[in-house]
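The values are calculated or read from the model by the stated rules, or taken from the named source; none is laboratory data. Just so you know, these numbers come straight off a predicted model, no measurement behind them. Every residue, glycine among them, receives a Cβ derived from its backbone with ideal geometry; neighbour counts consider all protein chains shown.
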Amino acid sequence: MASKAQARSLPLRLFAIAFLVLWMLLAAFPFLWTLWGSFKVEGDFFSKADWAYAIFGTRTQVETGGAFTGQGYYGAWVQEDFWRAVLNTSLVCLFVVTISLTFGTLGGYALSRSTYRYTFWFLIIALIFRAMPPITLVSGYLPVFFQWNLWGHLPTAIIVLVAINQPFTLWMLHSFFKNIPKDLDESAMVDGCNRFQAFRHVIIPVMWPGVITTGLFSFLLAYNDFAVTAMILDQQNQTMVPKIASFLGTTQTKGNVMFAVAAVVSATAPLFIMIMFFQRQIVSGLTAGAVKG
Amino acid sequence: MKHKTFFWFVFPSAVAMLLFIALPIVSVIIQSVHVAHEQVVVTVENCGPFGCTEATMIDQEATEELRREKPLGQFAGLETYFDRGHLATTEVAAAWRVSESWGEFGGYLMNLPFYKAMGFTLAYTFIVTPLTIILGFMIAVAVNSVTRRVRGPLIFFSLLPMIVTPLVGSLILYWMIDARGIIGTALQMLVGDPTLSVKASTPLTWIMLMVYGVWHSAPFAFIVYYAGLQTVNQDTLESAMIDGANRWERIRYVVLPHLMPLTTFIALIQLMDNFRVFEPIVSFSASAHATSLSWAIYNDLGGETRQLSSAAATSVLTIIGVAILLSPVLVRTWRDFNRKAA
């Protein structure tokens, strides 16, 4: 249904296509390049001699006999215990998402239904908290965590990430609940439910699209965090991102930068799959609140 | 909703935010006005066969005890704020007196760690944010003009730079831009200088970090604008055309006003996120050429000696910066809310 107002001249269309091809190169090429390069040896990934080595794996063939090698992955996952970091990240993400969503749905629902002025202040304070860089809070945590021996454990990181996540979760779920008609739960309350029963039996069954979208973003926050996890987890409990950062310090000197490359590819893969399955929800989450406002 | 019900519903979130955001802020402020205890020094007299000598030594036990009794350290007032690592009032005043021009004064300032971090953070925030908005808008218009069938894959690949962990995404670019990486080599060939290294030069490092910043956040602006373009009123567009508006006038007077509120939203989110720029500086190992406020805090906290009061003072200054940055938005929201309530 191309209306005439949308018709474009040929040069303009060609320009748009050329621009998109360029953007696709910028957006996707670095990832494909690194994925391909992660199966080579360092001499190919960083080839001073000829950039085509990285494509054909010339040094890799000399050093290992094949055009592809899993050395980087073996080094990262087995030698450097990257699997442990993967396990820690999974635990952190699972608990952060579950707890954030539980707290967030309750709070977001209340904020969307109350008409008093303090809801506004609550949301504004949450916005200010959202704007603060998380690392500014870390120097507040450290002395207390050291004193009470809480430093370094996964549960500590989980609860801290949940708290840092709350402002965003509240805002997002608040705007989702605003879109669920008030009549729905109010009629349940007329029928004799109390507020919590109305929430439990009427709101929970219809809230899932919003909760899934918010959950994706809490997951991303926990998965991508570096500032907090790097500072409050010890060596044993490190998650993936600080672990990759620590590879840079130790392995770059040993000439094992390929471990870091393999780890980076391993950390990107789950995100890739996540976008594949949840593209629609991510897009709707990014625009929620923006388009209506 | 009754006050009491409201209270119980928001209780878990409120407690989490109070304990792990509000109280830490208070704790950060308190720490920033204290400094660590100095070591307790005692003078001992050693008397040997050749007479007595006086020696000063550190009394480890007394130091430990003092630190245990008052873990916060000693009260220092605003001393940390004005020392060389932060606002550096003495150094700035001295630089002001000796420097002949603004450029020279700026040069002196950029040698002080706090102003160096502040300078890069502000430059990054105010250069990357508008570029992100422009690039995002261009991608949105381009994607909106192609057939529906290819839009799905286009959006998929466009999301990648934004969703991928910042530390990981910047590492991927860093390896490509390395003198032995593909972009680094290509640049050397383009310029014709085989010794060119982006990492070694301050302006190139700044540009590289900003290019990463735009690459990372353009998808966000794109998605928001793209969604906005779907809701442009087609009837208005057509009637504008019937009234004789050409393409440019239609964009200028119909599409852009429709997208204006979205621009405010993107700018707000981007200002907040760019102000905390941190991970790329770690990934690009760029700290010799560019540091940011967040990086300065991280640097104070890490390593063998955790300089808590220094980190706390930088944190407080950063929070004040965020508040100033956010204040126009807050005032506007406040007015909107009052208008709605009235």
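What number of residues in the stretch A:74-106 are free of Cβ contacts under 8 Å to residues at least 40 places away in the same chain and polar (S, T, N, Q)?
3
Please go through the stretch B:227-245 and pick out each residue that is among the β-branched types (V, I, T) and more than 7 Å from chain A (Cβ to nearest Cβ). Don't jump to the end; show me each part of the working.
Our first condition is that a residue be among the β-branched types (V, I, T); within the stretch B:227-245, this holds for B:231-232, B:236, B:242.
Correct list: B:V232, B:T236, B:I242.
If I go through the stretch B:66-119 residue by residue, how many of them are of a type in the set (D, E, K, R), closer than 18 Å to B:H289 by Cα and part of a loop (DSSP other than H, G, I, E, B)?
0
B:I127 is checked against (1) in contact (Cβ under 8 Å) with a residue 60 or more places away in the chain; (2) within 27 Å of A:L142 (Cα to Cα) and fails just one. What number does that condition carry?
With (1) in contact (Cβ under 8 Å) with a residue 60 or more places away in the chain; (2) within 27 Å of A:L142 (Cα to Cα) applied to B:I127, the lone miss is (2).
Each row is one residue, and each column tells you yes or no for (1) among the small types (G, A, S); (2) facing chain B (nearest Cβ under 7 Å); (3) under 30 Å from B:M162 (Cα atoms).
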site: A:L20; (1), (2), (3): no, yes, yes
site: A:L35; (1), (2), (3): no, no, yes
site: A:A49; (1), (2), (3): yes, no, no
site: A:G66; (1), (2), (3): yes, no, no
site: A:A76; (1), (2), (3): yes, no, yes
site: A:V86; (1), (2), (3): no, no, yes
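I'd like to know if the stretch A:71-94 contains one or more residues that are touching a Gly at 6+ places or on another chain (Cβ under 8 Å) and either crowded, with 20+ Cβ neighbours inside 10 Å or aliphatic (A, V, I, L, M) (or both).
Among the residues of the stretch A:71-94, not one is touching a Gly at 6+ places or on another chain (Cβ under 8 Å) and either crowded, with 20+ Cβ neighbours inside 10 Å or aliphatic (A, V, I, L, M) (or both), which makes the answer no.
Name the helices (runs of 4 or more DSSP H) wholly within the stretch B:228-311 that hold at least 2 residues that are among the aromatic types (F, W, Y)? If you could, list the steps in order and put the result at the bottom.
On the way: elements: B:234-242, B:247-250, B:256-275, B:279-283, B:293-301.
Counting at least 2 such residues, we get B:256-275, B:293-301.
If I filter the stretch A:167-186 for residues that are charged (D, E, K, R) and facing chain B (nearest Cβ under 8 Å), do I get at least one hit? Working first, answer last.
In the first step, residues of the stretch A:167-186 are kept if they are charged (D, E, K, R); the result is A:178, A:182-183, A:185-186.
Checking the rest, the ones that are also facing chain B (nearest Cβ under 8 Å) come to none.
Within the stretch A:167-186 (the criterion being charged (D, E, K, R) and facing chain B (nearest Cβ under 8 Å)), the answer is no, since none of the residues qualifies.
How many residues, within the stretch B:75-97, are exposed (fewer than 12 other Cβ atoms within 10 Å of the Cβ) and modelled with pLDDT of 85 or more?
Summing the residues that are exposed (fewer than 12 other Cβ atoms within 10 Å of the Cβ) and modelled with pLDDT of 85 or more in the stretch B:75-97 gives 4.
Residues of the stretch A:101-110 being of a type in the set (A, V, I, L, M) and more than 7 Å from chain B (Cβ to nearest Cβ), which ones?
A:L101
Which one is surrounded by the most Cβ atoms within 10 Å (Cβ to Cβ), of the residues in the stretch B:253-285 that are more than 9 Å from chain A (Cβ to nearest Cβ) and more than 20 Å from B:T132 (Cα to Cα)?
Checking each candidate, the answer is B:F284.
State yes or no: is A:R117 surrounded by fewer than 21 Cβ atoms within 10 Å (Cβ to Cβ), closer than 30 Å to B:A22 by Cα and among the charged types (D, E, K, R)? Even if it seems obvious, please write down each step before you answer.
Values: surrounded by fewer than 21 Cβ atoms within 10 Å (Cβ to Cβ): yes; closer than 30 Å to B:A22 by Cα: yes; among the charged types (D, E, K, R): yes.
So A:R117 fits the description; yes.
What residue, among those in the stretch B:74-100 that are among the aromatic types (F, W, Y) and in contact (Cβ under 8 Å) with a residue 24 or more places away in the chain, is farthest from B:V33 (Cα to Cα)?
Restricting to residues being among the aromatic types (F, W, Y) and in contact (Cβ under 8 Å) with a residue 24 or more places away in the chain, the top hit is B:Y81.
Taking the condition of being under 30 Å from A:P134 (Cβ atoms) and among the small types (G, A, S), how many residues in the stretch B:231-277 meet it?
Initially, the stretch B:231-277 is screened for residues under 30 Å from A:P134 (Cβ atoms), giving B:261-277.
After this cut, where a residue has to be among the small types (G, A, S) as well, the list is B:267.
Number of matching residues: 1.
Would you list the helices (runs of 4 or more DSSP H) that sit entirely within the stretch A:10-110 and hold 2 or more residues that are within 28 Å of the chain's Cα centre (by Cα) and over 30 Å from A:T169 (Cα atoms)?
Details: elements: A:10-37, A:42-45, A:53-56, A:58-64, A:71-74.
Because the criterion is at least 2 residues that are within 28 Å of the chain's Cα centre (by Cα) and over 30 Å from A:T169 (Cα atoms), the helices (runs of 4 or more DSSP H) in the stretch A:10-110 that meet it are A:10-37, A:71-74.
Could you tell me how many of the residues in the stretch A:113-163 are more than 9 Å from every other protein chain (Cβ to nearest Cβ), part of a loop (DSSP other than H, G, I, E, B) and either touching a Ser or Thr at 6+ places or on another chain (Cβ under 8 Å) or under 17 Å from A:V96 (Cβ atoms) (or both)?
The total comes to 2.
Looking for whichever is among the aliphatic types (A, V, I, L, M), surrounded by fewer than 23 Cβ atoms within 10 Å (Cβ to Cβ) and under 24 Å from A:V283 (Cβ atoms) here; the options are B:L204, B:L187, B:L229. Which one fits?
That would be B:L229, the only listed residue that is among the aliphatic types (A, V, I, L, M), surrounded by fewer than 23 Cβ atoms within 10 Å (Cβ to Cβ) and under 24 Å from A:V283 (Cβ atoms).
Do we find that A:S112 is modelled with pLDDT of 90 or more and of a type in the set (G, A, S) in this structure?
In short, yes.
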